[in-house]
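Undergrad: I'd like to ask you about the structure that follows.
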Amino acid sequence: MPSPPRRFFAAVLLAALAGAGAVAAFNAWVDPFQAYRRTERFPARFYPAWQRHENPGIARHYDYDRIVTGSSLMENVLPADADRILGGRTINLSVSAQTAYDAGMLLRVALATGKPRHVVMNLDYNGFSGAPERSGFAEPFPAYLYDGARWNDLPYLVGIGTLRKSIEMALDLRWTRFGTDPARMWYWATGYQFFAAKAVQGLDPANLGSRHPQLPRTLAGMQASFEANLAPLVASYPDVRFTFVYPPYAILVWSDYQQRGQVEVTLAFREWLLERTRRQPNVEFFDFQAEPALVADFDHFTDIYHYSPKVSVAILESIAEGRYRLTPELLAANNAWIRRAARETDPKALIAELLARPAPETPDGKAFVPPGGFAPPKLP
């Protein structure tokens, strides 16, 4: 007969296993991140802090033929706008602080479903910094949600974070911030203001990067990140159109890169990437970073990176019309403009001028109408 300590230990172990089993069953039943099915029992919840956990399940279980993805700069692209302008059925699976690794892992899941025919993705240079397997978050990457296997899902099924979300959904609680509209899962522009003084508020002209920390970048490192994360997908899915977007940064971003000593490595990466993919007909690039009507007009921005939803619509319209589509000639002209802008812009004077401007009556970003043609832009 087992001794009392052994009986106690066995009882505790059985109770722990039963408790873990109950938690796993409850989490699988609620399935707050839609890992196993599109939610039906409860209204879907989209938690911005858990995008990397939710997006793979959404990619598997939702209906679409176009993916919009990228960093927070793409989160305000509404699928309805993309459908109206480009046709098709769009889903936005952007991820704040997305790196090339994050994008590659997500796109592997989505492309394996056979649903996407078009991928629209912004290219943020910081997303190619660090090791090729670097994710944009400090927490470990939830790879178990991306591999399709069930046997390694214990972190999801018995995780405290999952349990909190399951309880919230089952009891209709609101412990953390979330959205409920699948048409704007990661949309954040509501409540933000877009005007010049707001865009540069709190900036230190002598240290523009203090509010936007980034890792140092090398050309070899950026190339390795693209080769490891995105190049295999472009090659493996030749029937999928990959539209890569260089989003419009406010012109002070290039002053920041000048202070960091990262202008030339950035321009070299742009040149290398266009040459690297020029024989792949399913790849195209659209470059908005040398358009003065965008990047030198701070009324489009809420900070020096993030632009208004009206600009997001203009980007879609430009893609539909073929405006700003990169050719080697246009890239050379744009890089020359960026190089000069980085060198000649005076951050202190520009910030002082912008801070002195009054806020507009409706500071939500003005509409942008792309100019015609592809003449090399002039520095304002």
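The values are calculated or read from the model by the stated rules, or taken from the named source; none is laboratory data. For clarity, every value in this text was computed on a predicted model and none was experimentally measured. Reconstructed Cβ throughout: ideal geometry from the backbone, glycine too, with neighbour counts over all protein chains shown. Only protein heavy atoms, including side chains, enter the accessible area calculation; ligands, DNA and RNA are left aside. Shrake-Rupley method; radii C 1.70, N 1.55, O 1.52, S 1.80 Å.
Undergrad: Any residue in segment 342-364 that is open to solvent by 50 Å² or more (accessible area, probe 1.4 Å), under 21 Å from ALA268 (Cα atoms) and at pLDDT 80 or above? Before the answer, list the steps.
TA: Looking only at segment 342-364, we keep the residues that are open to solvent by 50 Å² or more (accessible area, probe 1.4 Å), and these are 343-344, 346, 348-349, 352-353, 355-362, 364.
In the following step, the residues that additionally are under 21 Å from ALA268 (Cα atoms) were identified as 343-344.
Next, from what is left, pick out any that are at pLDDT 80 or above: 343-344.
Yes, segment 342-364 has at least one match.
Undergrad: Report the residue count in segment 269-298 for those that are out of contact with any Pro (no Cβ under 7 Å at 6 or more places or on another chain) and either over 30 Å from PRO238 (Cα atoms) or hydroxyl-bearing (Ser, Thr, Tyr) (or both).
TA: Going through segment 269-298, the residues out of contact with any Pro (no Cβ under 7 Å at 6 or more places or on another chain) turn out to be 269-273, 275-281, 283-287, 297-298.
Then keep just the ones that are either over 30 Å from PRO238 (Cα atoms) or hydroxyl-bearing (Ser, Thr, Tyr) (or both); that gives 277, 297-298.
Count: 3.
Undergrad: Please pick out the residue among ARG260, ARG184 that is of a type in the set (Lys, Arg), closer than 20 Å to VAL311 by Cβ and touching a Pro at 6+ places or on another chain (Cβ under 9 Å). Explain how you work it out, then say what you get.
TA: On the way: ARG260 fails: closer than 20 Å to VAL311 by Cβ.
Being of a type in the set (Lys, Arg), closer than 20 Å to VAL311 by Cβ and touching a Pro at 6+ places or on another chain (Cβ under 9 Å) holds for just one of ARG260, ARG184, which is ARG184.
Undergrad: Restricting to segment 299-321, name every residue that is closer than 24 Å to TYR257 by Cα and not aromatic (Phe, Trp, Tyr). First the steps, then the outcome.
TA: Here is the first cut: in segment 299-321, the ones closer than 24 Å to TYR257 by Cα are 299-308, 311-312, 315.
Listed by number, the residues that qualify are ASP299, HIS300, THR302, ASP303, ILE304, HIS306, SER308, VAL311, SER312, ILE315.
Undergrad: Are any residues in segment 162-190 farther than 12 Å from PRO48 by Cβ and basic (Lys, Arg), and if so, which ones?
TA: First pass over segment 162-190, keeping only residues farther than 12 Å from PRO48 by Cβ: 162-175, 180-183, 189-190.
Passing the criteria: ARG164, LYS165, ARG174.
Undergrad: Right, something else. Could you please find all residues in segment 60-107 being closer than 25 Å to THR190 by Cα, touching a Ser or Thr at 6+ places or on another chain (Cβ under 6 Å), among the hydroxyl-bearing types (Ser, Thr, Tyr) and open to solvent by 10 Å² or more (accessible area, probe 1.4 Å)?
TA: Correct list: SER72, SER96.
Conditions tested, residue by residue: (1) within 24 Å of ALA332 (Cβ to Cβ); (2) touching a strand residue (DSSP E or B) at 6+ places or on another chain (Cβ under 7 Å); (3) of a type outside the set (Gly, Ala, Ser); (4) open to solvent by less than 30 Å² (accessible area, probe 1.4 Å).
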position	(1), (2), (3), (4)
LEU215	no, no, yes, no
GLN223	yes, no, yes, no
PRO232	no, no, yes, no
SER255	yes, no, no, yes
GLN258	yes, no, yes, no
GLY261	yes, no, no, no
GLU264	yes, no, yes, no
PRO281	yes, no, yes, no
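Undergrad: Filter segment 171-209 down to residues that are basic (Lys, Arg) and in a loop (DSSP other than H, G, I, E, B) and give me whichever is most open to solvent (accessible area, probe 1.4 Å).
TA: Just the residues of segment 171-209 that are basic (Lys, Arg), to begin with: 174, 177, 184, 198.
Among the residues that remain, those that are also in a loop (DSSP other than H, G, I, E, B) are: 174, 177.
Working: ARG174: 156, ARG177: 179 Å².
Ranking the candidates gives ARG177 first.
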